[in-house]
Every structure is written in structure tokens, then in C-alpha cells.
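Take a look at the structure set out below.
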Amino acid sequence: MNLIPVAENLWTATQPFSYLGLEVGTRMVAVRLSPGELILISPIQMQATDCSSLNSLGTVNHLIAPNQFHHLYLSQAQALYPDATTWGVEGLADKRPDLKLDSLLNKAGTFGEELEYLPFKGFGALLPRGICLAHETVFWHRPSRSLILTDTSFHFDETFPWVTQLAARVMGSYKVLKPSYFEKLGSRDKAQVKASVRQVLAWDFDRVITAHGSIVETDGKAQFTAGFEWLLGETL
Ligand SMILES: [Fe+2]
């Protein structure tokens, strides 16, 4: 695992990941709170050898599956950090009864003074098996003015394989921060999504970190807004 510093007390690590035949990668975010607690959002594949680099940053106290989909490597992380609290979202316990989930991310809250989160209600995705509510959680790292998303927006660019770039161009989302048509079609309750977007826009952020795609380092708030104006079909 290659932990990349993004800002003070904020790191990311990525690994290859394929979805519908496209290489889209997946990203974990590590946040250190002031007492030295470490929070891992969307843990990626981990070996015992990865623990030394994580442990050098802080004490891993929280493991987070921030939506219905980013739980694939959670059990590995739990095995390495059995004392950490595992957080999941609505429906995940039914989907993954094998996972031990300690807490539920079903309402707005905070981790320390630095990290706020809220459920991004109404947001869904059209999957091969039909429409599925994602039960997304979005996070705001206040000190670095970073919005941490999972699948609520994507940002593919020239760092991805050409087939992924081509698919992003066809979808009108190459080098653009936005959800895809799958989320536009899968998010039926636009009023709920709009209310969630307004909550996010109340946060002061410039950087946007997604699970799939490159990090948007500046102007993220305007780009996030434009992406959801497209999804909602109205000006925010
Ligand atoms: Fe994802």
C-alpha cells in the first residue's frame, strides 16, 4: 500500500479495480484526528506489512464502509485491526451478514472536530440488477477544506487506461467531476438529492476526493455544484 499525503493529517491509497470491464481504480482515504486516531474510509486490500506504514501515522480506530458498495476489503482490515470500530450504512448488514458492524452511519455526525459526515439521501444507481439506493455517506475534512466522496461523483482523466478515458468521453464526464448516467437514472427522489447537495454546499471546501478518478485539487465546489445541476436538471 502506497500512502500518499494529500494535506496535513490526510492521506490516500489506491489500487486497481475493474467495474463492468473498465479499470476505474478505487481509493481509500485515511484521516488522522488530533488525538492521533486514524480513520480509514473505504479500506482497500491490506496485508500485515501495510500496518507498519499506517501505524506510523496513528492508531487505526475506525474502519468505514461509506456506502452499500465499498465493503469488499473490510474483513481484511478488521482482521488486522480487531479493536477498531467498524461503521457501515443502512442495508449493509443484510448484504454482508458475515461482517461485524459496530455502528451505523445513518445520520449526520462528526469524528473529532475535524471530520464531519452526513448521509447523502436519495442518491441511487442503476445497476445490472436494477436500481439500488447507495446509502452514500459524504465527509468534510474541515482543516484541509476537502470534501471526501465515494461514488457520488467521478473524475477520470489521462491517468486512466484509454478504454476508461473513452467511456468517460462517451458519458460526457472526461476530466469533469460528476456522477454518471447510471446515478442520474438511479436517483429517483431528486428532492432528497437536492436537499443533500444543499447540505454539502454549506461546507467550506475546495478539494474533492472521489473513490474513482483523480483528486480535484482546486475549484471543487463549483465542479461539484455543476455535476449535480446536471443530475438534477436544474440550477442550484
Ligand atoms: Fe465505488
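Please treat every number below as a calculation from the coordinates, not as lab data. Keep in mind that this is a model prediction, so the values were computed, not measured. We place every Cβ from the backbone using ideal geometry, glycine too, and count neighbours over all the protein chains shown.
A few notes on this one:
- Mean sequence separation of contacting Cα pairs (under 8 Å, at least six apart), scaled by the length of segment 4-232, corresponds to a relative contact order of 16 percent.
- Whole-angstrom gap from segment 55-100 to segment 158-236, using each part's C-alpha centre: 25 Å
- Cα-based shape type of segment 131-209, given that a ≥ b ≥ c are square roots of the gyration tensor eigenvalues and the cut on a/c is 1.5: oblate
- Rounded to 0.05, the FRET efficiency of the THR225 and SER34 pair, given R0 = 25 Å and the Cβ-Cβ distance, is 0.25.
- On Cα atoms only, tilt of 190-201 relative to the major axis of the chain in degrees: 60 degrees
- The simple spin-label model puts a point 7 Å past each Cα toward its Cβ; for LEU20 and ARG129 those points are separated by 1.7 nm.
- Each of ALA191 and LEU232 was given a label point 7 Å from its Cα along the Cα-to-Cβ line. The distance between the two points is 1.4 nm.
- For the options TRP162, TRP11, TRP87, a Gaussian network treatment of the chain with springs between C-alpha atoms closer than 10 Å singles out TRP162 as fluctuating the most.
- FRET efficiency estimate (nearest 0.05) - Cβ-Cβ, LYS175 to GLN45, R0 30 angstrom: 0.60
- Once the Cβ-Cβ distance of SER53 and THR218 is raised to the sixth power relative to R0 = 22 Å, the FRET efficiency obtained is 0.20.
- Here is the list for segment 130-228: GluC sites (Glu not before Pro) lying in DSSP coil, each with at most 10 other C-beta atoms within 10 angstrom of its C-beta, are GLU158.
- Rounded, prolate or oblate (a/c below 1.5 giving rounded, otherwise prolate when a/b exceeds b/c) for segment 3-70 by Cα gyration tensor: prolate
- Charged neighbours of PRO35, selected by a Cβ distance under 11 Å, balance to -2 (K, R count +1; D, E count -1).
- Trypsin sites (Lys or Arg not before Pro) restricted to DSSP loop in segment 119-162 with at most 14 other C-beta within 10 Å: ARG129
- Three-way shape call for segment 4-232 based on the alpha-carbon gyration tensor, with the a/c threshold at 1.5: rounded
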